[in-house]
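Read the structure below first, then the notes.
The values are calculated or read from the model by the stated rules, or taken from the named source; none is laboratory data. Just so we're clear, the structure is a prediction, and the values are computed from it rather than from any experiment. For neighbour counting, all protein chains shown are included, and Cβ atoms are generated from backbone atoms with ideal geometry for every residue, glycine included. In case anyone asks, the SASA skips ligands and DNA or RNA and just uses the protein heavy atoms, side chains included. Shrake-Rupley method; radii C 1.70, N 1.55, O 1.52, S 1.80 Å.
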2 protein chains.
Amino acid sequence: MSTETGEPPATRRNTLSREKVVAAAVAMADASDGKVPSTRKLAESLGVQAMALYHHFRNKDALLDGMVDFVFAEVELPAADADWKPAMRRRAASMREALVRHPWAIAIMDSRANPGIATLRHHDAVIGCLRAGGFTIAGAAHSFALLDSYVYGFVIQELALPLGSPEEIQQSAESVLALAPAEEFPHLTEMAVGHAMKPGYDYGDEFWTGLDLILDGLEQRRDTWR
Amino acid sequence: MSTETGEPPATRRNTLSREKVVAAAVAMADASDGKVPSTRKLAESLGVQAMALYHHFRNKDALLDGMVDFVFAEVELPAADADWKPAMRRRAASMREALVRHPWAIAIMDSRANPGIATLRHHDAVIGCLRAGGFTIAGAAHSFALLDSYVYGFVIQELALPLGSPEEIQQSAESVLALAPAEEFPHLTEMAVGHAMKPGYDYGDEFWTGLDLILDGLEQRRDTWR
DNA sequence: GGTTCTACCTTTACACTGTACAGTAAAACC
DNA sequence: GGTTTTACTGTACAGTGTAAAGGTAGAACC
């Protein structure tokens, strides 16, 4: 009680910290393309034994909580006095970018019920921007749920797509179509051949179509939500 | 080549099959509330050694593919001649129900690039219904991407919520608010206290608000998409 | 400056995971 | 009836998260 606690001593050489561990875990997960590192691999990259991590995290789930919060910290916050519609558009785009940049994050999020500070700050800013934009509490809740659902769901689908060179994509599309005879799945075939496999098509572009539809809908309903 | 292959022999007592294994895995995952069973536990429940599974699946990922397809098989298909708007509404609701009934499915889906037959059949029916409803190919692609993103994303958020009795929910909300002082997160506090924690509030109801907004938006744009 | 304390890290161990590899018994086929 | 195939068992191994206990260097106190 004599001095401030909670601060790391910072005198000992090479001391670990929650932040350093999370940052290293994020870096490794990004590098290994979507797989969260094991405790041993992570510890090794920090020059430490595996069990050392457990002095900073109750268990691995706590580490994952920290990693999710790290991602939220990268998302651009909407200013409270900004025009709500472009602000929400930018924020959704920024959220999508962060989730695509860290493809492991979405898979981890659905089991995490302990939001971190960056997550709370992010939610607060979004709600604040909507409230300042004229939405009622209920309206802001509707909007937030809808926008976030869309972004999360879009990223899930985007990440599930076969990634790689155009040839690889072409090949994977063909292998699916081979399993799916055109007679049995006529509409799927039509869309694949006549639309999605056309040169220049990019599923990522669908993001803006859906987002703008949602934003227009929110604008239309803003003043009807009590 | 002399007889039909692909059929199980069915003469040997207690013979396994892809379908039986998948059904058992789904049942166990549902029972253990969200955790996919290990190969050993699954094998034990089938009265067999763990390695026996590998005669029916190349590896565990193939099993997961099968489980996802099992879930898709439970989703109500839209009839091709149905009115597209109520049909899409019912299909989205049915999809959500299936994903909530099998909470492990969403977490598994994002890494699965090998759709099964039920999945393809489902996609084909949805696209077919939209096309019959007057959407262009591009319009159907927009609609499909948007609706699916919404359903997936909504379910992710729904499942991440603390589940349990009202008291447990109340307690978990309070623990979050304790971490988040009202001065620092005013809008979050306002929404939690003045909206989400009010008796009778159910996050699940937000599903319909967002879904109807999207469906109305699709209707408005249907004839503008080329 | 010496003692005590304690925050941080190591060591060892255990139960559990997916799966490679080799073996075996029964069924299917000629 | 002998050969081949199919469906399964047994054993083994590298890797996982983490409990328990032990060690040690620096901080705190006198």
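For the reader, a short list of remarks on this structure follows.
- For the residues B:LEU177, B:LEU159, B:LEU215, B:LEU188, the requirement of being under 14 Å from A:LEU146 (Cβ atoms), part of a helix (DSSP H, G or I) and in the same structural domain as B:ALA92 (by TED's automatic domain parsing) singles out B:LEU215.
- Residues located in segment B:177-192, provided they are of a type outside the set (Phe, Trp, Tyr) and without any contact (Cβ under 8 Å) to a residue 12 or more places away in the chain: B:ALA178, B:LEU179, B:ALA180, B:PRO181, B:ALA182, B:GLU183, B:GLU184, B:PRO186, B:HIS187, B:LEU188, B:GLU190, B:MET191
- Any hit, segment A:142-152, residues being in a loop (DSSP other than H, G, I, E, B), within 27 Å of B:LEU161 (Cα to Cα) and modelled with pLDDT of 95 or more: no
- A:TYR152 falls short on exactly one of the conditions (1) surrounded by 13 or more Cβ atoms within 10 Å (Cβ to Cβ); (2) closer than 20 Å to A:ARG131 by Cα, and that condition is (2).
- Within segment B:54-66, tally of residues that are within 13 Å of DNA strand D (Cβ to nearest atom) and open to solvent by less than 20 Å² (accessible area, probe 1.4 Å): 1
- Looking only at segment B:33-54, residues that are away from chain A (no Cβ under 14 Å) and within 10 Å of DNA strand C (Cβ to nearest atom) come to 14 in all.
- Some residue of segment B:2-18 being open to solvent by 30 Å² or more (accessible area, probe 1.4 Å), modelled with pLDDT of 95 or more, out of contact with any strand residue (DSSP E or B) (no Cβ under 6 Å at 6 or more places or on another chain) and within 16 Å of DNA strand D (Cβ to nearest atom): yes
Here's the yes/no breakdown for (1) among the β-branched types (Val, Ile, Thr); (2) open to solvent by 70 Å² or more (accessible area, probe 1.4 Å); (3) within 12 Å of DNA strand C (Cβ to nearest atom):
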residue: B:VAL68; (1), (2), (3): yes, no, no
residue: B:VAL71; (1), (2), (3): yes, no, no
residue: B:LEU77; (1), (2), (3): no, yes, no
residue: B:ALA87; (1), (2), (3): no, no, no
residue: B:ALA92; (1), (2), (3): no, no, no
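- Selected residue (criterion: most open to solvent (accessible area, probe 1.4 Å)) from residues of segment B:172-224 that are within 9 Å of chain A (Cβ to nearest Cβ), touching a Leu at 6+ places or on another chain (Cβ under 7 Å) and farther than 17 Å from A:TRP225 by Cβ: B:ARG221
- For segment B:141-159, the set of residues classified as within 7 Å of chain A (Cβ to nearest Cβ) and more than 14 Å from the chain's Cα centre (by Cα) consists of B:ALA141, B:HIS142, B:ALA145, B:LEU146, listed by residue number.
- Test: residue in segment A:76-99 that is in contact with a Gly (Cβ under 7 Å, 6 or more places away or on another chain) and at pLDDT 95 or above: yes
- Filtered by the rule that a residue be within 12 Å of chain A (Cβ to nearest Cβ), of a type in the set (Asp, Glu) and in a helix (DSSP H, G or I), segment B:66-120 gives a lone residue, B:ASP69.
- Every pair of residues 6+ apart whose Cβ atoms lie under 8 Å, when the first sits in segment B:24-53 and is open to solvent by less than 50 Å² (accessible area, probe 1.4 Å) while the second is more than 13 Å from DNA strand C (Cβ to nearest atom) and polar (S, T, N, Q): B:GLY34/A:SER111
- Residue that is modelled with the lowest pLDDT [pool: residues in segment A:171-210 that are among the hydroxyl-bearing types (Ser, Thr, Tyr) and under 20 Å from B:ARG221 (Cβ atoms)]: A:TYR201
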